2 protein chains.
Amino acid sequence: MNEDAYGELISSLARESDKSIVLLVMDGVGDVAGRGGRTPLAAAGTPNLDALAGAGACGLLVPIATGVTPGSGPAHLGLFGYDPVLYQVGRGVLSALGLEFPLEETDVAARLNFCTVDEAGNVADRRAGRIPDEENRRVIGKILSALELPAGVEVFFQTEAEHRALLVLRGEGLDDDVGDTDPQATGVPPLAPDRPPHERSRTAKMAAGLIGQVGKILADEPRANMILARGFAKHPDWPKFAERYKLKPAAVAGYPMYRGVARLVGIPVVAQPTTAEGVCAEAAKAIADHTFVFAHFKYCDKAGEDGDFAEKVRRIEEMDSALPKLLAAGPDVLIVTGDHSTPCSLKAHSWHPVPVVMRAPYLRGGQAARFDELACRAGEIGTITSKELLPLAMAHAGKLEKFGA
Amino acid sequence: MNEDAYGELISSLARESDKSIVLLVMDGVGDVAGRGGRTPLAAAGTPNLDALAGAGACGLLVPIATGVTPGSGPAHLGLFGYDPVLYQVGRGVLSALGLEFPLEETDVAARLNFCTVDEAGNVADRRAGRIPDEENRRVIGKILSALELPAGVEVFFQTEAEHRALLVLRGEGLDDDVGDTDPQATGVPPLAPDRPPHERSRTAKMAAGLIGQVGKILADEPRANMILARGFAKHPDWPKFAERYKLKPAAVAGYPMYRGVARLVGIPVVAQPTTAEGVCAEAAKAIADHTFVFAHFKYCDKAGEDGDFAEKVRRIEEMDSALPKLLAAGPDVLIVTGDHSTPCSLKAHSWHPVPVVMRAPYLRGGQAARFDELACRAGEIGTITSKELLPLAMAHAGKLEKFGA
């Protein structure tokens, strides 16, 4: 890892206090001009968010760096103040954390997709027809009952959802120098995990052997007759959120991925609501005995991924209606933002900066008239990177000492 | 020290010329919305600063990094183009420079507070009732007449003001691996300077012995019966301002701290006025035979620290009235800004970006209508870090070569 000078500076200045910070993430809320030249945020009726924008400080967040589209993991690490370029983790570990798999320090985890290969061994469907969870579980049982394990190694398979699963290898001396086997295309065979530059890894060879066995065990399956593995990784040894910032953190998140990234930095999950109402209610509750609450609302991103402008507007309005419950709980600093933009026209995550509003003491006034991409551009926070947001909130909450005399 | 890539780039491009740059620092001038929703700068009648803002380039300076509140030393180093996170110095050295103590290369300096300890040895008053300078001098005389020195070491005590003093140790082989003894709290004893991780430092052991002696010598004093020491440090070996930028610098500063930080980078002090009139008059004079003049006006910060909004407005207006004298001297580039914000509502330094205006050739127009936090937000300079300001001024003064062919 490169040097995390800014993060270490903030950490060195952090001081404990009972002031509370709430970070409400409307996943993928940022967008670009769509229907009528407006973004979903601009088109939505959001009296509560607009009032917040008028009284709070507004701005835009660059999730990673100019032009860089983040995955959910890095986007959230940035919001937690961990530079996502310095703090990188494999997909396997994120999956394990999301499934609440008790990953040990020496374990190596990988994300699996069941897939369909044709008679020539080429990938025909990278998602095995999106088999139901049930079939996923059945196929995993079949693998486990027939798999011959290498000496001294335990192997875990765990159903995630549809065609997705988790693979964990446990044993002494394992490494994560293992190649992805997903060719990211159909009509070609899976890649070998022990191809160069991974040919000297004992674990890569072991993975190759196990995947070969799985292919034979599943040969008679109509759909899930092979696995594709990616993101082999060990749990990173990073500074824990609570120690780094002298905060007592809690996560309120209904989806595995976000629980996983919270746990990755040691933020315990205290509730798993998925509705806007539920997220705001649980976050409001969590303030009582935590000084940092991360609350995650998924559905804006889902609507963006589906390219459904009207649904995204509706989800934004849903959160706006739920917001008073959270406001009433009176966090000392309240942030509402997204982890990244998910423009409906792109049907995917994007690099566009994300609007942010912060209710805090010691502001300068002259803020945005509403909470949207355009109004936030001229706000007091300006355009900063996501990793600067938590330090700014800590400053407003009186949680950072002066630097130097 | 970490890599100072930007500073070294600027240094490599610097070229000598007779154009002049004046940096006028209104200490702590930035603020947040206070009386009537306005900041002191917005509330003050400042025709000269406003005219400057209308004709010049405006912007905001982040002193250190987002969310970080600077002390005076780091804040000024940033304005001098030295990244404050890379160029860190102990408080003792700053005190020594401020008192014009002729610090030698191998000296170790520390900042002292006289304090009151109770019979159990616990700190009862960290400032010894803010004893007058006279009592401070008397007590130092008492220490010096009774202190037994370790072999080969000279010890200097110098009165600063009230309860504050400077300690300097001189001798071969001294180090600055010495712990602060100020516990930053009352009801607990002073800390040992040679506690871990300082237990292997010969100088720390020596400091412990000297402080022990001082406690005995002052045992019968009613108020100043002990000392607290912090910021043990040696003079850093940094690039000198004149060489780094090919500028002939001068400092006009009435307060020790700011003279000290100027000398730290080799800027000689040519005058020590404290009034706005005096600062502008002396800076105007200094332009005649210097190409960079740092002029410091303290009282905006003092008013902010006192939480006195009306006084801060008055001090700002005082500087505005004095400004024509400096403008008339015709510096090629004139900057007016602060080192940091000192909001009246916080009564302390803060992390808020600081308004800046620069009168210079080659501007784009469409500037701020007045000089305050809100208007400057939309200005030509944008929001930059303090360390970028001097390079920008040098560019405008034609003092930077083109980079590359």
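The values are calculated or read from the model by the stated rules, or taken from the named source; none is laboratory data. The structure displayed is predicted, hence computed values, not measured ones. So basically every Cβ, Gly included, is an ideal-geometry build from the backbone, and we count neighbours across all protein chains shown. These area figures cover heavy atoms from the full protein model, side chains too; ligands, DNA and RNA do not enter into them. Shrake-Rupley method; radii C 1.70, N 1.55, O 1.52, S 1.80 Å.
Output the qualifying pairs, or none if there are none: Cβ atoms under 9 angstrom, residues six or more apart or on different chains, first residue in the range A:369-395 and more than 8 Å from chain B (Cβ to nearest Cβ) and under 16 Å from A:Gly78 (Cα atoms), second residue of a type in the set (Lys, Arg) and not in a loop (DSSP other than H, G, I, E, B).
A:Thr383/A:Arg377
Among the numbered criteria (1) in a helix (DSSP H, G or I); (2) of a type outside the set (Phe, Trp, Tyr); (3) surrounded by fewer than 22 Cβ atoms within 10 Å (Cβ to Cβ), which one does A:Arg223 miss?
(1)
Output yes when any residue across the range B:395-404 is at pLDDT 95 or above and part of a helix (DSSP H, G or I), and no when none is.
Looking only at the range B:395-404, we keep the residues that are at pLDDT 95 or above, and these are B:395-403.
If we keep only those that are part of a helix (DSSP H, G or I) as well, we get B:395-396.
The answer is yes; a qualifying residue exists.
Is it true that some residue in the range B:368-380 is in contact with a Leu (Cβ under 7 Å, 6 or more places away or on another chain) and within 25 Å of B:Ser17 (Cα to Cα)? I'd like the intermediate steps shown before the answer.
Step one: filter the range B:368-380 for residues in contact with a Leu (Cβ under 7 Å, 6 or more places away or on another chain), giving B:371-373, B:376-377, B:380.
Narrowing further to those that are within 25 Å of B:Ser17 (Cα to Cα): none.
No: zero hits.
Of the residues A:Ala65, A:Ala51, only one is open to solvent by 10 Å² or more (accessible area, probe 1.4 Å), more than 14 Å from chain B (Cβ to nearest Cβ), under 30 Å from A:Asp308 (Cα atoms) and in a helix (DSSP H, G or I); which?
A:Ala51
Report whether or not B:Val29 is within 14 Å of chain A (Cβ to nearest Cβ) and under 13 Å from B:Val357 (Cα atoms). Even if it seems obvious, please write down each step before you answer.
Details: within 14 Å of chain A (Cβ to nearest Cβ): yes; under 13 Å from B:Val357 (Cα atoms): yes.
Yes, satisfied.
Of A:Gly338, A:Gly304, which residue is open to solvent by less than 30 Å² (accessible area, probe 1.4 Å) and in contact with a Lys or Arg (Cβ under 9 Å, 6 or more places away or on another chain)?
Details: A:Gly338 fails: in contact with a Lys or Arg (Cβ under 9 Å, 6 or more places away or on another chain).
That would be A:Gly304, the only listed residue that is open to solvent by less than 30 Å² (accessible area, probe 1.4 Å) and in contact with a Lys or Arg (Cβ under 9 Å, 6 or more places away or on another chain).
Tell me yes or no: at least one residue of the range A:51-61 is under 25 Å from the mean Cα position of the chain (by Cα), farther than 19 Å from A:Arg315 by Cβ and free of Cβ contacts under 8 Å to residues at least 24 places away in the same chain.
No, every residue in the range A:51-61 fails to be under 25 Å from the mean Cα position of the chain (by Cα), farther than 19 Å from A:Arg315 by Cβ and free of Cβ contacts under 8 Å to residues at least 24 places away in the same chain.
B:Arg170 fails exactly one of the following numbered conditions: (1) open to solvent by 60 Å² or more (accessible area, probe 1.4 Å); (2) closer than 28 Å to B:Arg259 by Cα. What is the number of that condition?
(1)
Given the condition polar (S, T, N, Q) and in a helix (DSSP H, G or I), answer yes or no: does some residue in the range A:356-379 qualify? Working first, answer last.
Let us first name the residues in the range A:356-379 that are polar (S, T, N, Q), namely A:367.
Those left that are additionally in a helix (DSSP H, G or I): none.
Checking the range A:356-379: not a single residue is polar (S, T, N, Q) and in a helix (DSSP H, G or I).
Going residue by residue through the range A:345-362, is there one that turns out to be among the aromatic types (Phe, Trp, Tyr), open to solvent by less than 10 Å² (accessible area, probe 1.4 Å) and at negative phi? Show your work before the answer.
Taking the range A:345-362 and keeping what is among the aromatic types (Phe, Trp, Tyr), we get A:351, A:362.
Subsequent filtering for residues that are open to solvent by less than 10 Å² (accessible area, probe 1.4 Å) retains none.
Within the range A:345-362, not a single residue is among the aromatic types (Phe, Trp, Tyr), open to solvent by less than 10 Å² (accessible area, probe 1.4 Å) and at negative phi.
Within the range B:89-114, restricting attention to residues that are assigned to a loop (DSSP other than H, G, I, E, B) and at the interface with chain A (Cβ under 9 Å from one of its Cβ atoms), which residue is surrounded by the most Cβ atoms within 10 Å (Cβ to Cβ)? Working first, answer last.
Residues of the range B:89-114 that are assigned to a loop (DSSP other than H, G, I, E, B), as a first pass: B:89-90, B:99-107.
Pick out the ones that are also at the interface with chain A (Cβ under 9 Å from one of its Cβ atoms) and you get B:89-90.
Values: B:Val89: 23, B:Gly90: 25.
In this case the residue turns out to be B:Gly90.
For the condition hydrophobic (A, V, I, L, M, F, W, C) and open to solvent by 40 Å² or more (accessible area, probe 1.4 Å), what is the one hit in A:Ala310, A:Ala251?
A:Ala310
If you go through the range B:121-146 one residue at a time, how many are of a type in the set (A, V, I, L, M), touching a residue at least 24 places away in the same chain (Cβ under 8 Å) and surrounded by fewer than 14 Cβ atoms within 10 Å (Cβ to Cβ)?
Let us first name the residues in the range B:121-146 that are of a type in the set (A, V, I, L, M), namely B:123-124, B:128, B:131, B:139-140, B:143-144, B:146.
Narrowing the set further to residues that are touching a residue at least 24 places away in the same chain (Cβ under 8 Å) leaves B:123-124, B:128, B:131, B:139-140, B:143, B:146.
Pick out the ones that are also surrounded by fewer than 14 Cβ atoms within 10 Å (Cβ to Cβ) and you get B:146.
Within the range B:121-146, residues that are of a type in the set (A, V, I, L, M), touching a residue at least 24 places away in the same chain (Cβ under 8 Å) and surrounded by fewer than 14 Cβ atoms within 10 Å (Cβ to Cβ) number 1.
Condition check: crowded, with 24+ Cβ neighbours inside 10 Å, in contact (Cβ under 8 Å) with a residue 60 or more places away in the chain, farther than 22 Å from A:Met257 by Cα and more than 21 Å from the chain's Cα centre (by Cα). Does A:Pro324 satisfy that?
Numbers: crowded, with 24+ Cβ neighbours inside 10 Å: no; in contact (Cβ under 8 Å) with a residue 60 or more places away in the chain: yes; farther than 22 Å from A:Met257 by Cα: yes; more than 21 Å from the chain's Cα centre (by Cα): yes.
No, not satisfied.
Which residue pairs have Cβ atoms closer than 9 Å, lie 6 or more positions apart in sequence or on different chains, and pair a first residue in the range A:188-200 that is closer than 16 Å to A:Gly121 by Cβ with a second residue that is open to solvent by 50 Å² or more (accessible area, probe 1.4 Å)?
A:Pro189/A:Ala120; A:Leu191/A:Asp180; A:Pro193/A:Asp180; A:Pro193/A:Lys205
Return the residue satisfying two criteria in turn: it lies in the range B:1-26 and is assigned to a loop (DSSP other than H, G, I, E, B) and within 14 Å of another protein chain (Cβ to nearest Cβ), and of such residues it is least open to solvent (accessible area, probe 1.4 Å). I'd like the intermediate steps shown before the answer.
Residues of the range B:1-26 assigned to a loop (DSSP other than H, G, I, E, B): B:1-4, B:15-20.
Subset that is within 14 Å of another protein chain (Cβ to nearest Cβ): B:1-4.
On the way: B:Met1: 139, B:Asn2: 71, B:Glu3: 147, B:Asp4: 10 Å².
The extreme case among them is B:Asp4.
Here's a check for you: in the range B:76-88, which residue that is more than 8 Å from every other protein chain (Cβ to nearest Cβ) and of a type in the set (A, V, I, L, M, F, W, C) is surrounded by the most Cβ atoms within 10 Å (Cβ to Cβ)? Before you say what the answer is, go through the steps one by one.
Here is the first cut: in the range B:76-88, the residues more than 8 Å from every other protein chain (Cβ to nearest Cβ) are B:76-83, B:86-87.
Subsequent filtering for residues that are of a type in the set (A, V, I, L, M, F, W, C) retains B:77, B:79-80, B:86.
Working: B:Leu77: 28, B:Leu79: 25, B:Phe80: 25, B:Leu86: 17.
Looking at residues that are more than 8 Å from every other protein chain (Cβ to nearest Cβ) and of a type in the set (A, V, I, L, M, F, W, C), I get B:Leu77.
Looking only at strands (runs of 3 or more DSSP E) that lie completely in the range B:229-328, which have at least 3 residues being under 23 Å from B:His396 (Cα atoms)?
Values: elements: B:249-253, B:269-271, B:292-297.
So the answer is B:249-253, B:292-297.
Which count do you get for residues in the range A:141-182 that are over 15 Å from A:Ala207 (Cβ atoms) and under 26 Å from the mean Cα position of the chain (by Cα)?
Final tally of qualifying residues: 7.
Just a yes or no: is a residue in the range B:191-208 closer than 18 Å to B:Thr116 by Cβ and out of contact with any strand residue (DSSP E or B) (no Cβ under 6 Å at 6 or more places or on another chain)?
Scanning the range B:191-208, I find at least one residue that is closer than 18 Å to B:Thr116 by Cβ and out of contact with any strand residue (DSSP E or B) (no Cβ under 6 Å at 6 or more places or on another chain), so the answer is yes.
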